[in-house]
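Where a number appears in this text, it was derived from the coordinates with a stated rule and is not lab data. Computed from a predicted model, the values in this text were never measured in an experiment. All Cβ positions, even for glycine, are placed from backbone atoms using ideal geometry, and neighbour counts span all protein chains on display.
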Amino acid sequence: MATETVAVTESTPPARRARAGAGLLTWLGVVPFFLFALAFLVAPASYLFIGSFQTLDGQFTLDNFRNLNQPIVVEAYKNSLQVSFATALGGTIFGFLLAYAVTLGRAGRVRSGLLTFSGVASNFAGVPLAFAFIATLGRIGLITTMLKAVGIDLYQQGFSLYSFAGLSLTYMYFQFPLMILIITPALEGLKREWREAAENLGASSGQYWRYIAFPVLLPSLLGTLILLFANAFGAFATAFALTGGTINLVTILIGSQMRGDVLRDPGLGYALAVGMVAIMAVSITAYTLLQRRSERWLKR
Amino acid sequence: MAFLEIDQLHKQFGDLPAVSGFDVDVEQGEFLSLLGPSGCGKTTALRMIAGFERPTSGTIHLNGRDITNQPPNRRHIGMVFQSYALFPNMTVADNVGFGLKLKGMTPADARRRAGELLELIQLPDKGGSYPYQLSGGQQQRVALARALAIEPQVLLLDEPLSALDAKIRVELRAEIRRIQQQLHITTLYVTHDQEEAMSLSDRVVVMNKGFIEQVGPPFEIYNYPRTAFVAHFVGQLNVMPVRVVDAAAGRVALGEQTIILEPPLAANGQAVTLAVRPEELELGAAEGHNNLRGLVESVNFLGSIVRVRVAVDGATLSADLFNERLLTLPKAGEAVTINFPAHAAWVLEEQG
Amino acid sequence: MKRGAFWSWLWVGLGIAYFAIPLIATLEFSLKAERGRYSLAAYRTVLSDPQFASTFSFSAGIAILTILFSLLLIVPTVYWVHLRLPQIRPAMEFVAFLPFVLPAIVLVFGLIRIYSRPPFALTNYVWSTNLLLVAAYMGLALPYMYRSVDTGMRAIDVRTLTEAAQSLGAGWPTIVGRVIFPNLRTALLSGTFLTFAIVLGEYTIASFLARPMFGPYLANMVRNKAYEPAALSIISFALTWAMMGGLQWVTHRTPGSTQVTTGPR
């Protein structure tokens, strides 16, 4: 079978003109782009990275990372991780159920409407989103007052919009639409023939889901879970506008550090940011790898 | 009683009848093709046999058992899809062994059996590969092995070669026939490619617009098409509008020229359509044959055959000549005579 | 009703409720500025607030500058890479992926630390601070802008198109102006809409660079007023909707050109 090749070829043909050293001029064309990236993406990150390994007078040190182990910082990381993970998981599950309902389920009629709305909602964040939830579940929010009218006082029951639960509920507004946007194509990528082939080989519907559909979707589901996690982990504006900075998250702490060196240690601030970037980098890389695998499976 | 008995199968999609009066008996070990243009109902018929579509009326019996309303996962019918439909998350061996695993076979046994099947499809080293690492042709072989692994009573193939390159298609075609004969498995094969259907099948079912046009061995379908549709769809066909001159003598007129056919014919004076296959035509005049004069329109060299198109009174006829090195090709514009024997031509019945 | 249908519509119903209730609550709130009756008073106050006009137009101006500079930077580069240097595409993609790893708060942290001090001291002047702001937004928008342009160029196979135009005797101005650019309209427009949506309501970077953007203005209103921020939130939502609607409108005929985006958090 010599005629059958399996090579995964790049869509771009190999460069015909770009011979090795094909003139400095050729390479000059991409210099502005990389210069921009260097100045406004790489340099700021590197500055923080280098700073995190330096003492005030520029000596190398690991103290900044050692000093992360103090209650306010540990709590900030813990809160950030918790909120991010909870909303990522919630967003993944709820988003999946909704996407399933409009693709393989029986609510296909509202598919395009849901996708449009998800596109908007996943971009609707920051201050206006925070205010929308204040108007809904704040102390004089619509739902709060309506529930009060029927005898349920949310705030007396221990609920507060400005707490972990309230923040999570707010984040969910941009979390699950993102899940819908990413998982819908994956669900639509499940080929009818896979189900039929499975049935043909004697599989029940449950076995089809267990052995084929779920494993095929798993990279996508895990990848999206991680992406949602990163999405919430880096959020600042929404949390800041909602709580006025009273909730202790990593992003909020970095913000306070920038405004007034609340940690009384610039190096520690850098270490805080570097820790955050590290978590983001790992998450986004994992997401990319998982998404690549998923695409390979779902293609054609 | 035949092994697979399909009686008066009918399928309606809304107002649209997709398959009407589908009635075929298939013998054990037979290779049957469903041939027809797209939308003729061949795939729908196959999917009803597989159990993916429920017939509006009619019955399907397999080995004496009524399977008309049985769910697909209980039928023991193997299926190969046009798009391969290999499970992307499983290795080749796991794909092949999937049906066995569901049957409760131990992993070791399933692996051994999968190995045997990979030998059968001549991909013994690919057990650990994933589908995306294989070429289309290889994937389709694996899909075949997967369908065969469960030792189905009937094997269904839905346009299995359509997505492949021409060369691979021919290779794999031979492979499918070899395996089918080796296992002596009853096979239904859906295709729109007449060459595929002809070369593979014991019998061909030609379908059009949901109806069966003709059922028979390839030789019969090709040489004795029962309807105009079959005649046109299968192979190349020359058609000539002629007028019956003398029904008893089998004499008809094509413009100014006379053609003798085998009687009986329709009444004198009636216009009918005459059909003859291009390979029945020869260049030059021949004693006792129908000789027609015309002008060469074009000459197409196709390799093993040379197709010469000749304009005669009121019709353009193609003559397929076998290539040989000593052949002198006529030139366009040249006046030539072509001939065919009386028994080679037949009157097409009205299309309907 | 079948069981599957019940569950499908239950989830869809919950989803719709979740989407709609905060919007309804905000809308209702925004209409209550006058005691005892619904009115558009809050909207009138907001729209006649000179600060609204100034921050909004400032944000729009920054957004337009961001889009212009981004296009100027990215379109020629991506074109060049497709044409002459396809082997460095992985490097381009890596760069375009960096902003995902740098949350806005970290990005602005690093930018301020470097550029507010000598030798750059960009924050000493208004114009150079604005420039820094635009650069930061170009960074935020880079992944989306790059993806739009790259997908667009791949879809039309710029290399073949360029060679075809050259073989017909076209010079560079003709090739770029009459062949490449018109074919990239969808890609450029979608990048534009996305960038606009990102910049217009951005809060984090704007507030740390202390520029009079719409985001910080809105945050300030939330802190000090009751009904006006509701009206502003509704206006922002409408703007987001308009941008996303515009995006869908330009891309819906080009399958595969949609990309998943997230707003500034």
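Summary of computed values
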item	result
Given charges at beta-carbon only (K, R positive; D, E negative), |dipole| of the protein assembly as shown in Debye	3640
Overall form of the range C:1-144 per C-alpha gyration tensor (a/c, 1.5; a/b vs b/c)	oblate
Rounded, prolate or oblate (a/c below 1.5 giving rounded, otherwise prolate when a/b exceeds b/c) for the range A:69-298 by Cα gyration tensor	oblate
GNM result for chain A, Cα springs below 10 Å: residue of A:VAL42, A:VAL102, A:VAL282 fluctuating most strongly	A:VAL42
Candidates C:ALA121, C:ALA206, C:ALA231: whichever shows maximal mean-square fluctuation once chain C is modelled as a Gaussian network with Cα springs under 10 Å	C:ALA121
Top of C:THR160, C:THR77, C:THR55 by mean-square fluctuation, Gaussian network on chain C, Cα under 10 Å	C:THR160
Residues B:ASP246 and B:ALA332, FRET efficiency given R0 of 45 Å [Cβ-Cβ distance, rounded to 0.05]	0.80
Peptide B:265-277 - average C-beta neighbours from other chains (10 Å radius)	0
FRET efficiency for A:ALA278 and A:LEU35, using Cβ-Cβ distance with R0 set to 35 Å, rounded to 0.05	0.85
Counted charge near C:LEU107, where neighbours are those whose Cβ lies closer than 12 Å (Asp, Glu -1; Lys, Arg +1)	0
The range B:216-352, relative contact order [Cα under 8 Å, separation at least 6], %	26
Environment charge at B:GLN12 (Cβ cut-off 13 Å; Lys +1, Arg +1, Asp -1, Glu -1)	0
Prolate/oblate/rounded call for chain C, Cα gyration tensor, a/c under 1.5 rounded	oblate
Theoretical ellipticity at 222 nm over chain C - DSSP helices of four or more residues, -39500 (n - 2.57) apiece, nearest 500	-24500 deg cm²/dmol
DSSP bridge pairs, the protein assembly as shown: antiparallel proportion in percent, nearest 5	75
Net charge contributed by nearby residues that have their C-beta within less than 15 Å of B:PRO152 (K/R +1, D/E -1)	+1
The range B:1-41 residues near the modelled B:ARG177 label - backbone nitrogen below 20 Å, point 7 Å along Cα→Cβ	B:27-36
Rough spin-label spacing in nm, given labels placed 7 Å along Cα→Cβ, for C:PHE120 and A:THR61	2.5
Listed residue pairs exceeding 28 Å between alpha carbons, taken from A:LYS191/B:LYS126; B:LYS42/B:LYS167; A:LYS299/B:LYS126; B:LYS11/B:LYS167; A:LYS299/B:LYS101; B:LYS11/B:LYS101	B:LYS11/B:LYS167; B:LYS11/B:LYS101
Residue-averaged 222 nm ellipticity for chain A, from DSSP H runs of 4+ at -39500 (n - 2.57), nearest 500	-21000 deg cm²/dmol
Projected label distance in nm at B:GLU287 and A:THR116, using a 7 Å step from Cα toward the beta-carbon	8.4
Cβ neighbours within 10 Å from other chains - mean over C:217-226	3
Potential extension, B:GLU262-B:VAL239 segment - 0.36 nm per residue separation minus Cα distance	6.6 nm
DSSP-loop trypsin sites (Lys or Arg not before Pro) across the range C:1-105, with at most 11 other Cβ within 10 angstrom	C:LYS2, C:ARG35, C:ARG37
Nearby lysines by direct alpha-carbon distance to C:LYS225 (threshold 21 angstrom, same-chain neighbours under 8 apart not counted)	C:LYS32
Over chain B: helical MRE at 222 nm, DSSP H runs n ≥ 4 each giving -39500 (n - 2.57), nearest 500	-7000 deg cm²/dmol
Estimated FRET transfer efficiency when R0 is 25 angstrom, pair A:PHE164-A:GLN70 (beta carbons, to 0.05)	0.75
With Cα atoms, 0 to 90° folded angle of helix C:126-156 axis to chain C main axis	60
Computed label-point distance, nm, for sites C:ALA242 and B:LEU302 using a 7 Å Cα→Cβ extension	6.4
